[in-house]
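Participant: After the C-alpha cells below, expect a handful of questions from me.
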Amino acid sequence: MLELKNVTKIFNAGTINEKIALDDISLTLNDGDFVTVIGGNGAGKSTMLNVVAGTYTADAGHILIDGKDVTKMSEYKRAKYIGRVFQDPMIGTAADMWIEENMALAQQRGTRRGLSWSITKKDREKFREMLARLDLGLEDRLSTKVALLSGGQRQAVTLLMASMMQPELLLLDEHTAALDPKTAAKVLDITENIVSENKLTTIMITHNMKDALRLGNRLIMMHAGKIIFDVAGEEKQKLTVADLLKKFELASDGTFANDRMLLT
Amino acid sequence: MTALLNALPGAVAQGLIWGIMAIGVYITYKVLDLADLTVDGSMVTGMAVCAMLMANGWNVWPAMLMAFLAGMAAGLVTGIFHTAMGIPAILAGILTQLMLWSVNLKIMGKANQALPARTFDVLITQLRKYEALLILVAFCVVLIAVLYWFFGTKFGSGIRATGCNEKMARAQGIDTNFNKCVGLILSNGIVAFSGALLAQYSGKADINDGRGAIVIGLAAVIIGDALVSRFRPNFIIRLLGVVLGGVVYYIVYQIVIFLGLDTDLLKMLSAVVVAIFLAVPYLKKKYFSHPMKKNKEAA
C-alpha cells in the first residue's frame, strides 16, 4: 500500500541549522493497516507525514503508494490518493465557505473540476446523512460557514472530508491535540468508526500513549529521524505505557522523555 | 445645487464603469486574497487597445473583446511572475504594471489617443449619459450573473477555496497555482474591459488614466462591503455591493468637487479614506475585542 524506501529529509542542509528530520527511513504499510506513531518533539513524525503527502519533497529515497512512485509528484496531485487531517483545526477546512461547500470540494478530490455546478440536490442529501452520523447536530447547518464551528466540530467535518472519497491513505497528524479532552475523545471515536467502516489504511500521529496503544493494529516509535520500534498485532496488544516509556528511555540514551511524553 | 444634480448621471455612469473595474479587483483582493497592482496598468491597456483599434477602423465590439484579451494577457504575466517564479504577489503586480507603462505607450505610439464620439461609433459616451447608464447597467447585470455562475461551478469553487485556505485546497487536490493564475487573468480581463468602456465614455485614452486605479477599485470594494455586509449577503449581493460602491465613490467625488475641494488633493483624499477603512477591522480587533466571546468559541 504505502512504501517508504530509504527516505531522508534534511532541513537547512549545509548550514549551521542543519537538521536531519528523517534519517534513511524505510517503512511498508499493508492494506488496511492502522498505524499509530509516537515519539518526542522533533522525532520526525510530522515530517514523515508531510513527505508522504508531498508538502515536503524527500531529499533521498522513494515513496510508493499502491506501487506507484510519487516521490516527485506535487502535493495537489498526490492528494488524489491521500486524505489528511491536521493538528490545527483551522487548516483542514475553508473557514469562509459553507459546510456543504467544503464537503463538495472534498467530494471532488481526485476528479476533474469542470464547469458543472459544484453542489447538486443529491449531494446535499448525501452530506446531510453523513453529518447526521457524526451526531454533532451539523446536519441542519449545511449553509453555515465553517468559521462558526468549534475546533472539535471542524476536525470531525475534516475527518468526513478526508475519508469520503475512499483515500488509499488517511494521514492524521495529531488531529486531537488542539482539542479539550472530552472533545478529543469524541473526535477519536469518530476517527475509529470512519477508519473501520471504510477499512482505510491509516497513519495517526499522537502524543497520547494510551491512544497509541488502544487504537490501531500497529505502533511505530520514532526518535531522531529514525523508526526505533515497530510492533504489530498481538505483540502490540500486550504492550503497556510502561513498556513504551522504557523503550523510549533506552532509545534516548537515558536522557528521559520530555514532559509532554511523561504527562500523557 | 442644480449643478450638482446635473452632474449626477455622469457620476453614476463613471461609478458603474469603475464598479465593473472594482469587480475585477474583488476577484483578486477578496476571492483570491491577493493584492494585485497590475490593474493600474491593465486598465490603461484596455483603454489603449480599444481606442487604437477603433481609431484604425475596428468595430466597437471586437475592439472591446481585444481589450479584454489584452488585459487577460497582462494578468497571465503577473500570474507567472507570482506562481512560477515565486515573486510575492504585490511585487509581481508592480513589475507587470511597470512593464505595461511601456507596452501602453507602444500600443498608442504616444501618451494619449482621442476617441471622440462624434467621429467614432462608440457604445457609450458622456454626450449621451442616460443611454450610457442603461448600457452600463446591462453590462453589470450580465457580468455579475456570469461570475455568480462561474464561482458556483466545481472549478470556480476551487478558486474560492484557493483564496480561502491554500493548504486545505492543495490537500483536496486543487492546483492552487493554476487557480491563482486564472483568477489574475480573469480579474485583469475585466479591468481592461472597464478601461475600454472608460475610453469610450470619456472620449480618450491617456497613459496617466490608470494611476491609482487600484485605490479606487479597493475603495469601491470596501464601500460595497460596508453597504451589504449586514445582510448576510450571498455572492450576487456582494458583487452588486461592489458596483454600488463604485457609484457611491463617484457621487461622493462629485460632491467633494462641488464643495470646492482643490482637485489636486483628490488622490490624497481617496488614499486616506481607503487607508482608514482598511485599518478599521484591525483596530477594532485590537481595541474592541471581547475575550469572553473567544473563550466561548474555543469550547
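Participant: Using the alpha-carbon centroid of each, what span in Å lies between the range A:6-37 and the range A:40-65?
Facilitator: Here the two parts' Cα centres lie 5 Å apart.
Participant: Please give the peptides B:253-264, A:78-89 ranked by average Cβ packing (other Cβ atoms within 10 Å per residue), highest first, as a rough proxy for protection.
Facilitator: Highest to lowest by the protection proxy: A:78-89, B:253-264.
Participant: Here is the link list: A:K19/A:K247; A:K68/A:K226; A:K5/A:K68. Which ones come out longer than 20 Å on Cα distance?
Facilitator: A:K19/A:K247; A:K68/A:K226
Participant: What angle do you read, to the nearest 10 degrees and between 0 and 90, between the alpha-carbon axis of helix B:2-26 and the longest principal axis of chain B?
Facilitator: 50 degrees
Participant: Now a separate question. Please list, or write none, the aspartates and glutamates whose alpha carbon is within less than 19 Å of the alpha carbon of A:K236, excluding same-chain residues fewer than 8 places away.
Facilitator: The reachable aspartates and glutamates, counting only those whose Cα sits under 19 Å from A:K236, are A:D31, A:D33, A:E192, A:D211, A:E249.
Participant: Which angle between 0 and 90 degrees, to the nearest 10, do you get for helix B:266-288 versus the longest principal axis of chain B when only C-alpha atoms count?
Facilitator: 10 degrees
Participant: Would you please calculate the Kirkwood hydrodynamic radius of the range A:47-119 over all C-alpha pairs and express it in Å, rounded to one decimal?
Facilitator: Averaging 1/r across every pair of different Cα atoms and inverting gives 13.9 Å.
Participant: Further question on the same structure: Per the Kirkwood definition applied to all pairs of different Cα atoms, how many angstroms is the hydrodynamic radius of the range A:1-101?
Facilitator: 15.0 Å
Participant: Rounding to the nearest 10 and keeping the result within 0 to 90°, find how far the Cα-based axis of helix B:60-79 lies from the longest principal axis of chain B.
Facilitator: 40 degrees
Participant: In peptide A:96-104, what is the residue-averaged number of other protein chain Cβ atoms found within 10 Å of each Cβ?
Facilitator: 3
Participant: Compute for the range B:79-197: radius of gyration divided by Kirkwood radius, i.e. Rg/Rh, restricted to C-alpha atoms, rounded to two decimals.
Facilitator: Value, to two decimals: 1.07.
Participant: Please compute, for peptide A:71-81, the average count of beta-carbon atoms on other protein chains lying within 10 Å of each residue's beta-carbon.
Facilitator: Averaged over the peptide's residues, the number is 3.
Participant: Convert each backbone phi in the range A:46-56 into a coupling constant with the Karplus relation 6.51 cos²θ - 1.76 cosθ + 1.60 (shift: θ = phi - 60°), then list the ³J(HN,Hα) values in order as whole Hz, x for Gly and Pro.
Facilitator: Residue by residue, the range A:46-56 yields 5, 4, 4, 4, 5, 6, 5, 7, x, 4, 10 Hz.
Participant: What number of lysine-lysine pairs in the range A:103-223 show an alpha-carbon separation below 24 angstrom, given a sequence spacing of 8 or more or placement on distinct chains?
Facilitator: Lysine pair count for the range A:103-223: 11.
Participant: May I ask you to list the lysines whose Cα is less than 16 Å away from that of B:K267, ignoring any residue fewer than eight positions away on the same chain?
Facilitator: Partners within reach: none.
Participant: OK, next. Take every residue in peptide B:40-53, count the Cβ atoms of other chains within 10 Å of its Cβ, and give the average of those counts.
Facilitator: Average neighbour count from other chains, rounded to a whole number: 0.
Participant: Compute for the protein assembly as shown: radius of gyration divided by Kirkwood radius, i.e. Rg/Rh, restricted to C-alpha atoms, rounded to two decimals.
Facilitator: When Rh is taken as the Kirkwood radius, the ratio is 1.07.
Participant: Between B:K204 and residues 5 or more places away or on another chain, which pairs have amide H atoms under 5 Å apart, with H built 1.01 Å from N, and which residues are they?
Facilitator: Excluding prolines and chain starts, which carry no amide H, the hits are B:L115.
Participant: Taking N as the number of residues in chain B, what is its alpha-carbon radius of gyration divided by 2.2 N^0.38 Å?
Facilitator: Here the answer is 1.02, to two decimals.
Participant: Shifting gears a bit: Provide the packing ranking of A:62-75, B:200-213, i.e. peptides ordered by the mean count of other C-beta atoms within 10 Å per residue, highest first.
Facilitator: Top to bottom by mean Cβ count within 10 Å: B:200-213, A:62-75.
Participant: How would you rank B:44-56, A:135-147, highest first, on the average number of other Cβ atoms within 10 Å across their residues?
Facilitator: Per-residue mean Cβ counts within 10 Å order the peptides as B:44-56, A:135-147.
The numbers here are math on the coordinates, done by the rules we state, and not lab data. Source: prediction; values computed, not measured. Neighbour counts run over all protein chains shown; Cβ positions are idealised from the backbone, glycine included.
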